[in-house]
Structures are given as C-alpha cells and as structure tokens.
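What follows is a short report on a single structure.
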Amino acid sequence: MNVSPTKGTQFRPASRIASVGVSKILQIGARAAAMKRDGMPVIILGAGEPDFDTPQNVKDAAKIAIDAGDTKYTALDGTPALKEAIIEKFRRENAVNYALDEVTVATGAKQILFNAFMATMDAGDEVIIPAPYWTSYSDIVELCGGRSVLIPCSAQAGFRLQAEQLERAITSKTRWVLLNSPSNPSGAAYSAQHYRPLLDVLLRYPHVWLMVDDMYEHIVYDDFKFVTPASLEPRLKDRILTVNGVSKAYAMTGWRIGYAGGPKDLIGAMSVIQSQATSCPSSVSQAASVEALNGSQNFLATRRESFRKRRNLVVKRLNEIRGLDCRTPEGAFYTFSGCGGILGKTSPSGRKIKEDLDFTDYLLEEAHVAVVPGSAFGLSPFFRISYATSEAQLGEALDRIHRACDALQD
Ligand SMILES: Cc1ncc(COP(=O)(O)O)c(C=O)c1O
C-alpha cells in the first residue's frame, strides 16, 4: 500500500459529527466563565440544573452502598431494586403499569434518548420535534443517522405543537414524535386537554411512535396538573417511550441516572446499544436513585415553591422592560422571553441588534449577564433565562438587563 507517511497524522472526524457542533449553550457558558475568571462580575443564568443539593437521605444511601461493596457491574439496564422503584413510581405518580422487562435505566436521560434513537433509526428516518427544543434532541437524532423535522411553535400557541402541525409533518419516514413537558427551554407544559388532539392524530398513524420527556414532571406551578400520554391514552402505550430521570427533581445531575418505560421489544433493543456503550449505569448512583424514588418526597414541595417565587419575580421584571415579552411558564426553571421589540435598536457602543444572538451577546458584554439566545433552541427572537439561582442574583441580573435595554437607541 502506498501511504504518505504524514497523511495519517492529520485528524479526520467522522462525517456523522459534521452537522453537530459544540452546543451554543456550552460556548456561552465557557465565555461567561472565562470573563468571570478575568475578574468581571458576570451573572450566569444559563444553568440547566437546580442550585439545590442532593437530599441527605439520598447521599447516605450512596455511602451505605459503597460500604456494602455495591461497587461492581450491575445488571445491564438497571438493578432489580431500581427497576422495582421505577415501576412503583410510574404506578404511584403516573398511573401507568410497566413490567420489569418494560423499564430500563441508563447513564442519564440523555443516554436513554441516545439508546432509543440508536436502536430505532435508519438513515433518513424522521423525528418530529417541536421548536423551541432542547438542543440535544436534534443533535442525537442526527448522530444516529436520522433527520430532525423541526416544527416552530409560537408563543401565542403557548409554545405547544398543534394537532394540524403534527399531522402535516407526518410522512412515511416518520419514526418518532418527541414531546417534552414541561419544556426546556420554554417551561411550557401540556395538560390532558393539550395532549388529547395530538394523541388522536397519532392513533391514526400506527407507524409513528411517541417519545415523551417528562424530566421536569415535578417542577410545575399553580394548579397545573402534570399528565403523561401513556396513562392518558392506553391504546398508544405500546408505542410510547416515557423518559424520565432523577437529575432535575432530586438535584442529582452529577449522579447520571435516567430511566424509561416502554414496550418490551424497544427496551430490549435499547439494552443492546447500552451493552456496548457503558455496560451498565453506575452501581452507587443506582443505589442512591432507589432511595430518591422510594424515600420521602416532601422536600419537592418546598423546592417547587422556591422555584415558583423566582419564576414570578423573573416574569414580572421581564415584562416591565420595554421590548421584551415573557409568557408565564407552567413549569421547569426557565423563562423563554420574546425580544422582538429590541431588534433593530443600537447599543451605546454602536452595535446593531439584528437578531437574538446579538442581544444576548450585548447582555453578556455590556451588562455581564449570560443568557442563551432562542436561536440555540430553534426559535427566534427569544432568549432563555434559567432561574435556578438565588432571588438576590436574579434581582441584580434583572436590574442590569433592564438598564441595558433602556440604554438601547431606536
Ligand atoms: C428536557 C431535558 N431532558 C433530558 C435532560 C438530560 O437529563 P440527564 O441529566 O438525565 O441526562 C435535560 C438536561 O438538561 C433536559 O433539559
């Protein structure tokens, strides 16, 4: 073989990652962190995780597991104890019954999504994703060889997919519809009434499966009643994957445990992927998650109340700013505010604000507040604030955003 001695040293990425860049959220976070290191008083409102600590009983369960030697490989897709706790959780909180071979555990809900798409997508298969959406959805679909079909959902429609939009987007290649309620980034959630027309459409298209990401289930406000499609429409249950995890409700993002319930054949196919990726989720984290799901849930209400106060503060303060327009989200810990009224203005240093990214760059550089532009989530002109931080920080950040917006010239 005639191979040039230098040619092989050049890095050549696989074509499958060509369309998947480093997430804009991470880029903004890195830039804000670097500014902070340089001594600038940057407030970062980009965090995708609660600022609370993992509950003590959960930490204790992990310590006991370590001391008991629970430190080896576990069953491929979850210990029997954790699967039992998940089955009980689905029964108790969602009125959905799954058998042992219908639940799976992975290294975060992210790996659940990855396993599911990897196990089901052939080249060109389509996944319908309402925008704004969590950026990982489309990136994972693309990595798995599929095609994301992104459907813009307006603020007027509550950022929710409408039945006619869904029906129009379905083709013979549609494999999945992916819904997330409450949503990252919009905080919008689907009630039973919102889900109904979508489920009616899906009943007519048996080749289309539904993946629901219920990650923020416990972070809902006022009288919003969380529901999940597998309990709402039993006729669809054998083509629904219900995804959830301990990251957000139990402040366990670093423990990396996500889980799902779904039909046995899909769950089995997902475990084939997992067997060659990670072999199993962390034994210690699984023991901790058993305690999270089976232990007292009382702390959830206290944390929810604290998130609710912050949401009210942020929404009120944003709507007092000329040019911004923020709908009140039903859940999660994000606001997704319109900034259309800011576009076309000019900053004191002469920078024209043409799109939401210009606005969020301006806020970072001039007001030292890091937020994420709607374009990162597939819908403009908006920006996302994560309010998983103290009221004092939020108050200061909103003072700065208000001053920065007032300083813009028409
Ligand atoms: C909507 C949504 N689903 C899933 C995840 C991932 O959760 P995990 O930490 O379990 O991988 C996130 C994390 O930001 C999220 O926002």
Exercise. Given the conditions (1) touching a residue at least 60 places away in the same chain (Cβ under 8 Å); (2) crowded, with 18+ Cβ neighbours inside 10 Å; (3) more than 16 Å from the ligand (Cβ to nearest atom), report the number of the one that S138 does not fulfil.
Key: (3)
Quiz item: R92 is checked against (1) over 29 Å from R310 (Cβ atoms); (2) under 26 Å from the mean Cα position of the chain (by Cα) and fails just one. What number does that condition carry?
Solution: (1)
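A quick yes/no check of all residues on (1) under 24 Å from E49 (Cβ atoms); (2) surrounded by fewer than 16 Cβ atoms within 10 Å (Cβ to Cβ):
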residue: V284; (1), (2): yes, no
residue: F307; (1), (2): yes, no
residue: R317; (1), (2): yes, no
residue: A332; (1), (2): yes, no
residue: G338; (1), (2): no, no
residue: P348; (1), (2): no, yes
Quiz item: Quick one: is L232 within 14 Å of the ligand (Cβ to nearest atom) and touching a residue at least 40 places away in the same chain (Cβ under 8 Å)?
Solution: no
Quiz prompt | Condition check for L313: open to solvent by less than 40 Å² (accessible area, probe 1.4 Å) and assigned to a helix (DSSP H, G or I) | solution = no
Quiz item: Hey, among E167, E84, E126, which residue is under 16 Å from L210 (Cα atoms), more than 16 Å from the ligand (Cβ to nearest atom) and surrounded by fewer than 20 Cβ atoms within 10 Å (Cβ to Cβ)?
Solution: E167
Quiz item: Which condition breaks for T71 when tested against (1) within 25 Å of A332 (Cβ to Cβ); (2) out of contact with any Phe, Trp or Tyr (no Cβ under 6 Å at 6 or more places or on another chain); (3) β-branched (V, I, T)?
Solution: (1)
Exercise. Read through the list (1) out of contact with any helix residue (DSSP H, G or I) (no Cβ under 6 Å at 6 or more places or on another chain); (2) modelled with pLDDT of 95 or more; (3) more than 21 Å from I44 (Cα to Cα), then give the number of the only condition that G323 fails.
Key: (1)
Practice problem: Keeping to segment 29-71, report how many residues are of a type in the set (D, E, K, R), touching a residue at least 12 places away in the same chain (Cβ under 8 Å) and within 23 Å of G245 (Cβ to Cβ). | Solution: 6
Exercise. Would you check if Q276 is under 19 Å from T107 (Cα atoms), without any contact (Cβ under 8 Å) to a residue 12 or more places away in the chain and away from the ligand (no atom under 14 Å from the Cβ)?
Key: yes
Quiz item: Which residues, counting only those in segment 253-264, are more than 7 Å from the ligand (Cβ to nearest atom) and surrounded by fewer than 24 Cβ atoms within 10 Å (Cβ to Cβ)?
Solution: G254, P263, K264
Practice problem: All but one of (1) surrounded by fewer than 17 Cβ atoms within 10 Å (Cβ to Cβ); (2) touching a Lys or Arg at 6+ places or on another chain (Cβ under 7 Å); (3) under 27 Å from L300 (Cα atoms) hold for D410, so report the exception by its number. | Solution: (3)
Quiz item: What pairs can you find where one residue is in segment 94-111 and farther than 27 Å from S191 by Cα and within 16 Å of the ligand (Cβ to nearest atom), the other is open to solvent by 40 Å² or more (accessible area, probe 1.4 Å) and at pLDDT 95 or above, and their Cβ atoms are less than 6 Å apart, with a gap of 6+ or different chains?
Solution: T107/R256; T107/T278
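The values are calculated or read from the model by the stated rules, or taken from the named source; none is laboratory data. Owing to the predicted nature of the structure, the values given are computational and were not obtained by experimental measurement. As a convention, Cβ positions derive from the backbone with ideal geometry for all residues, glycine included, and neighbour counts pool all protein chains shown. These accessible areas exclude ligands, DNA and RNA; they are computed on the full protein's heavy atoms, side chains included. Shrake-Rupley method; radii C 1.70, N 1.55, O 1.52, S 1.80 Å.
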